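Visitor: Let me give you the structure first, and then I'll get to my questions.
Coordinate-derived values only; no laboratory data. Computed from a prediction, not measured in an experiment: that's the story for all the values here. Note that each Cβ is placed from the backbone with ideal geometry, even for glycine, and that neighbours are counted across all protein chains shown.
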Amino acid sequence: MLFLELLGYLLLILVAAEIFVNALEHLGEKLNISEGVTGSLFAAVGTAMPETLVPLLAIFAGSGNAQMSEEIGVGAILGAPLMLSTLSVSLMGLAVLSKRGIQGHLTPERSGLKRDLDFFLMAFVLAFVAMFIPHGEGWVRAAIAFVMVLIYFIYVMVTLRASSKLVAEGHATEAGSPMLLTRLGLPQNLFFIIVQLALGLALLVIGAKGFIHGVEAAAPIIGISALLLSLLIIPIATELPEKVNSILWIRKRKDTLAFGNITGAMVFQGTLLPAIGVSLTPWAPQKEVLLGVVVTLVAAFWLRWAALNGGLRVWHLFVNGALYVGYLTAVLI
């Protein structure tokens, strides 16, 4: 019964995310924002919303078991960048392997990809350093958290500034499907786009809250810690299905949107949420956590190096997948 309940909340999360993302696409089109910005900011934040709400609700509104709530929060915070930089990236390579071949070229807009990865790496290195700062040094942790939030704010400003040039070059956002509320006979205007965004967000909160309680109950039954369960399962369950967008885009040779959806989510998940974790949880270098952060940093550095040294090829993405397999092997065996 418990696992059926988990499945039900997961389905609610996925439906809510579809409602939310659909509204974001139309908001991007309405505001005349470029594909790269829509991928890195709008789609990335939208598809990351389920994974974002899980740690937030676990930390701020978890059960009476504070330690378990903190473990779920930390695991979900760090599990998302890990999955995005490794498993999600490798699945894109797998999706185009038959058409482009192992040596096939991938052509995301290079400046945008570099920008995303640079900002992510800056923030995530700070998250790594913060693990070795004693929890009693509150002011140091608070300063690091503030810098991480500032990094995301600057990232948004820089990304939006790049938008107008890309739109002028013909890279404006076009929504892939009609707005869902229009199927009910409602007009497609800014007001109802906001209404659909609010509806999707409300359903996400309900689904994420139920999912957290399900994970708390499932961890002892499965026989692993809530931290490890949240590191591995929550990102795959709540975010990976939404990264199907990247697979569909890359198969249509929309490489900029495909990569922006993932790397933009990495920036979002690697700045704001770790800032909360650094400030409000023990944020200690436990084996699973420390290894996950190191693997994530290696995967991001590798992706950046490959993109700027001869261009990305399909086989480069499989290295990221191998890093994820290596992580699973290390923590589960």
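Visitor: Relative contact order of region 246-333, please, whole-number percent, based on alpha carbon pairs below 8 angstrom and at least 6 residues apart.
Guide: 19
Visitor: For 89, 278, what's the fewest-to-most ordering of other Cβ within 10 Å of each Cβ? Display every interim value, and only then the final one.
Guide: Working: 89 30, 278 25.
Fewest-to-most Cβ neighbours within 10 Å comes out as 278, 89.
Visitor: Provide the gained length on full extension for the span residue 331 to residue 290, in nm with one decimal, where the gain is 0.36 nm per separating residue minus the Cα-Cα distance.
Guide: Values: separation 41, 0.36 × 41 = 14.76 nm, distance 1.10 nm.
Answer, rounded to one decimal: 13.7 nm.
Visitor: Oh, and also: Can you pull the one-decimal nm distance between simple spin-label points at residue 182 and residue 222, each 7 Å off the Cα toward Cβ?
Guide: The two pseudo-label positions are separated by 4.0 nm.
Visitor: Rounded to the nearest 0.05, what FRET efficiency do residue 131 and residue 1 give with R0 = 51 Å and r taken as the Cβ-Cβ distance? Could you check? Kindly include the intermediate steps, with their values, before the conclusion.
Guide: Numbers: r = 38 Å, r/R0 = 0.74.
The formula returns an efficiency of 0.85 here.
Visitor: Hey, another quick one. Once you've got the Cα coordinates, tell me which of 99/254; 114/254; 114/287 are over 19 Å apart. Don't skip to the answer; put the middle values down first.
Guide: Numbers: 99/254 14 Å; 114/254 17 Å; 114/287 30 Å.
Violating the 19 Å limit, Cα to Cα: 114/287.
Visitor: If amide H atoms are built 1.01 Å from N in the plane of the peptide, which residues on other chains or at least 5 residues away come under 5 Å of the amide H of residue 313?
Guide: Counting only residues 5 or more places away or on other chains, the set is 106.
Visitor: When ranked by the protection proxy of mean other Cβ atoms within 10 Å per residue, highest first, what sequence do the peptides 265-274, 316-325 form?
Guide: Ranking the peptides 265-274, 316-325 by packing returns 265-274, 316-325.
Visitor: Still on this model: To the nearest 0.05, what FRET efficiency results for residue 194 and residue 161 with a Förster distance of 25 Å applied to their C-beta separation?
Guide: 0.55
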